[in-house]
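> Sharing a structure here in structure tokens format.
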Amino acid sequence: MEPNYSAENKFNKLIIVLSVAIPMVVAILFSFKLKDFGINVEPLSFLPPIYAAINGFTAVLLVAGVLAIKNGKRRLHEIFMQTAIACSVIFLVMYVAYHMTSDSTPFGGVGAIRYVYFFILISHILLSIAVIPLVLFTYVKALAERFDKHKKLAKITFPIWLYVAVTGVVVYVMIAPYYV
């Protein structure tokens, strides 16, 4: 079957817009609380363990997706990867909802662990921004049936996305003792 270049090209501009807009919108929403707009809602303090679990589940889905494709199970790979994308979107919605209703929790660790925490947190945040276009371009390459390009880009996307998913759990575990 001939690769679908028009489908790929159609999405490239949208991916670029989303790759810029999503981090900007998250940063803007992160700086506002619903109470600032007169919306009185209880803090959604139950969300962090849920979205940490979603990050963990995303990591499992990513590994399962790679194993599926290595074993020639393309449809299973597609399901795992589409579910991982859906989980990432659900995570993002919950993360923003939590931060729009709750104050940020400061990390209370001292000494070397503080530097470890902030290294993990900062690398997690920066790579979570970088992974947006990587995931979307990788996915569109598959949709366009440009599997040679998909595979090449997936070799970059996979370890970064996996790192973001795993470090999301690590950040939660490290900060959980300091939640009020």
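None of the figures in this text is laboratory data; all of them are computed from the coordinates on show. From a predicted model like this one, the values you see are computed outputs, not experimental measurements. With ideal geometry, Cβ positions are generated from the backbone for all residues, glycine too; neighbour counts draw on all protein chains shown.
> Decide, for the stretch 8-86, between rounded, prolate and oblate: order the square roots of the alpha carbon gyration tensor eigenvalues as a ≥ b ≥ c, take rounded if a/c falls under 1.5, and otherwise choose prolate if a/b is larger than b/c, else oblate.
oblate
> When only DSSP loop residues count, what chymotrypsin sites (Phe, Trp or Tyr not before Pro) in the stretch 24-120 have their Cβ near at most 13 other Cβ atoms within 10 Å?
Taking the stretch 24-120 and a limit of 13 other Cβ atoms within 10 Å, the loop chymotrypsin sites (Phe, Trp or Tyr not before Pro) found are PHE32, PHE46.
> On to the next question. Placing +1 on the Cβ of each Lys and Arg and -1 on the Cβ of each Asp and Glu in the chain, which of PRO159, LEU29, VAL41 has its Cα farthest towards the positive end of the resulting dipole?
Of PRO159, LEU29, VAL41, it is PRO159.
> Size of the dipole of the chain about the Cα centre, Lys and Arg at +1 and Asp and Glu at -1 on the beta carbon, nothing else charged, in debye to 20?
Value, rounded to 20: 580 debye.
> Starting from the 7 Å offset along Cα-to-Cβ, what nm value, one decimal, do you get for the label separation of VAL96 and VAL20?
A separation of 1.8 nm, rounded to one decimal place.
> Multiply the residue gap between THR105 and LYS155 by 0.36 nm, knock off their C-alpha separation, and tell me the result in nm, one decimal place.
14.5 nm
> Something else about it: Any idea what the relative contact order of the stretch 32-174 is, in percent, if you count C-alpha pairs under 8 Å spaced at least 6 apart?
32 percent.
> Could I ask something else about it? What spacing in nm lies between the two simple spin-label points modelled at THR83 and GLU145, each 7 Å away from Cα in the Cβ direction?
2.6
> Quickly work out the ILE39-to-ASN9 label distance, labels modelled 7 Å from Cα along the C-beta direction, and quote it in nm with one decimal.
4.1
> Starting at the first residue of the stretch 58-63, write each ³J(HN,Hα) from the Karplus equation 6.51 cos²θ - 1.76 cosθ + 1.60 with θ = phi - 60°, in whole Hz, x for Gly and Pro.
4, 4, 4, 4, 5, 5
> Another one. When the C-alpha atoms of the chain are aligned to their principal axes, what extent does each axis show, in angstrom, from largest down?
Principal-axis extents of the chain (Cα, largest first): 56, 37, 25 Å.
> Most fluctuating residue of VAL20, VAL41, VAL170 in a GNM of the chain with Cα springs under 10 Å: which is it?
Sorting by GNM fluctuation, first place goes to VAL41.
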